[in-house]
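Here's the structure we're looking at; comments come further down.
The values are calculated or read from the model by the stated rules, or taken from the named source; none is laboratory data. These numbers come from a predicted model, not from an experiment. Because the Cβ atoms are built from the backbone with ideal geometry, glycine has one as well, and the counts that use them run over all protein chains shown. Remember, those area values only see protein heavy atoms, side chains included, never the ligands or the DNA or RNA. Shrake-Rupley method; radii C 1.70, N 1.55, O 1.52, S 1.80 Å.
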Amino acid sequence: MNILNNNNPLDEFRKRNGQELIINLNNKIKTCAKCENRPGMVLVKADVPEGHRYPVLKHSIASASTVAQVLYDKYVMAIPMYRQVQDWERAGLKMNRATLANWVLAVDRDYFAPLWKHMKTELLKSSVLHCDETTVQVLKEPGRTPTSESYMWAYRSGEHEEKQIVLFDYQPGRSGDYAKKFLEGYDGYFVTDGYAGYSKVTNGTRCGCWAHVRRKFLEAIPGSDPNGEQAQGSKAKEGFEFCEKLFMLEREFAGLSPAERQTEREKRSRPVLEAFWTWCSSIDALRNSPLSKAVGYATGQKQILGSFLLNGRIPISNNLDENAIRPFVMGRKNWLFCNTERGAEVTAMVYSIVETACQNGANPLLYLQFLLEKTPGYMELTDRNRLEELMPWSGQWHEYEKKKIQ
């Protein structure tokens, strides 16, 4: 509120009068006890900035941009909260880590959880999606030691899907039952590595990853250079070259439509694939040797490794999901662990939101601010149309982005 007295600014008014403002109980506004009845004295309330008409957190000083910055620093720039607190103190603001953590927990509970559920619904409509998982340490899990390994499962839509979505899902273990539950009702193609746990997913069509097969043969080649002298005449190099041939063909098919790609795969990739399986059956490697393990890894997944021939939208590797999970892995190197299960769940949801924003070309900091300005004005985040308006591919987001950039 600004106090105006003709042409005298507020600072000059305080300098000359020095009276403390008191609460007027009748109208619940602050006034000066000495001057409130003087002629020409009025109280003017500052206009509420656009996008800030509803508080992000009730009874809190936190603004949308402030909470967005905390989230951005932690989950995009991988700055732990104790270091953020140090930055606040350098700016002259006394803050503690618990306050920042409570802000994050509150916005996740009130706004991000419904958004995550909506994104999951949209993800399961994809004709192709990817699955992967990585470890995360949670210190205070009931019935488990702090050194126990929990898992962050990552799912994302295929490269050719209209809506690019990345979802993280925290679970206390690596059982395939977690993937089965997440993918319940899904009837498309899902791409995975060779982990046997995914075999528990009985709906949909599982597709294998040739990048993992190629890696196994690369590791089996003598020496560190696949083109070095030691590699010459190596059976492992022959297997590696079969895989390389498939990837070279995929690079040639990159500009084709899914239907055209499927046709070309039938014509040119299938013969390479059949020659590879014939070659594998001819290998008589020492038991438990790197070559034996590479051949066994490939032949154990023969059916799913051939699934990419079924549809031109199916990729031949799971690299897309491995790239999507990398920001989480890099962040984990800085903040190391989650304190509680609830903290791990929040971590999964916030990473889902910022990585989905990035995959759709949105500035993650600006997108977080957009969400925290818009969602408090929605009475309930249950309307699917309203939730769709908040997605990083929506027209409302693009209008907001355009206005902010200008």
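Would you confirm, using the coordinates I've provided, whether residue 251 is in contact (Cβ under 8 Å) with a residue 40 or more places away in the chain and either open to solvent by 10 Å² or more (accessible area, probe 1.4 Å) or touching a helix residue (DSSP H, G or I) at 6+ places or on another chain (Cβ under 6 Å) (or both)? No, not satisfied. Within region 359-405, can you find the residues that are open to solvent by 50 Å² or more (accessible area, probe 1.4 Å), within 19 Å of residue 73 (Cα to Cα) and in a helix (DSSP H, G or I)? Passing the criteria: only 359. Among the criteria (1) over 23 Å from residue 243 (Cα atoms); (2) part of a loop (DSSP other than H, G, I, E, B); (3) touching a Ser or Thr at 6+ places or on another chain (Cβ under 7 Å), the one residue 142 does not fulfil is (3). Annotation note: of 168, 190, 217, the sole residue that is outside any strand (DSSP E or B) and open to solvent by less than 40 Å² (accessible area, probe 1.4 Å) is 217. Residues of region 282-305 that are open to solvent by 20 Å² or more (accessible area, probe 1.4 Å), touching a residue at least 12 places away in the same chain (Cβ under 8 Å) and among the small types (Gly, Ala, Ser): 285, 289, 300.
Looking only at region 220-274, count every residue that is in contact with an Asp or Glu (Cβ under 9 Å, 6 or more places away or on another chain) and assigned to a loop (DSSP other than H, G, I, E, B) and tell me the total.
4
Every test in (1) more than 30 Å from residue 360 (Cα to Cα); (2) crowded, with 20+ Cβ neighbours inside 10 Å is passed by residue 100 save one, and that test is (1).
Of the residues making up region 300-322, those that are among the aliphatic types (A, V, I, L, M) and either touching a strand residue (DSSP E or B) at 6+ places or on another chain (Cβ under 6 Å) or in a helix (DSSP H, G or I) (or both) are 304, 305, 309, 310, 314, 320. The residues of region 339-355 that are in contact with a Leu (Cβ under 9 Å, 6 or more places away or on another chain) and open to solvent by 10 Å² or more (accessible area, probe 1.4 Å), listed by number, are 339, 340, 342, 343, 349, 355.
This table checks each residue for (1) modelled with pLDDT of 95 or more; (2) outside any strand (DSSP E or B); (3) closer than 20 Å to residue 206 by Cβ; (4) not β-branched (Val, Ile, Thr).
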{"position": "87", "(1), (2), (3), (4)": "no, yes, no, yes"}
{"position": "119", "(1), (2), (3), (4)": "yes, yes, no, yes"}
{"position": "130", "(1), (2), (3), (4)": "yes, no, yes, yes"}
{"position": "151", "(1), (2), (3), (4)": "yes, no, yes, yes"}
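Within region 323-339, residues that are assigned to a strand (DSSP E or B) reach partners that are among the β-branched types (Val, Ile, Thr) and open to solvent by less than 50 Å² (accessible area, probe 1.4 Å) with beta carbons closer than 6 Å, at six or more positions or on different chains, in the pairs 338/138; 338/347. The residue list 274, 238, 264, 244 contains one member that is closer than 26 Å to residue 131 by Cβ and of a type in the set (Asp, Glu), which is 244. If the condition is being surrounded by fewer than 17 Cβ atoms within 10 Å (Cβ to Cβ) and either free of Cβ contacts under 8 Å to residues at least 12 places away in the same chain or not small (Gly, Ala, Ser) (or both), then region 193-204 contributes 195, 200, 202, 203. One residue stands out in region 309-324 among those that are surrounded by fewer than 23 Cβ atoms within 10 Å (Cβ to Cβ) and aliphatic (A, V, I, L, M): the one that is farthest from residue 258 (Cα to Cα), namely 320.
If I go through region 106-131 residue by residue, how many of them are crowded, with 22+ Cβ neighbours inside 10 Å and among the acidic types (Asp, Glu)? Matching residues across region 106-131 total 1. Considering (1) open to solvent by less than 20 Å² (accessible area, probe 1.4 Å); (2) touching a residue at least 60 places away in the same chain (Cβ under 8 Å); (3) in contact with a Cys (Cβ under 8 Å, 6 or more places away or on another chain), the lone condition that residue 246 does not fulfil carries the number (3). Against the test of being on the phi > 0 side of the Ramachandran plot, in contact with a helix residue (DSSP H, G or I) (Cβ under 6 Å, 6 or more places away or on another chain) and touching a residue at least 24 places away in the same chain (Cβ under 8 Å), the options 68, 78, 62 yield a single qualifying residue, 78.
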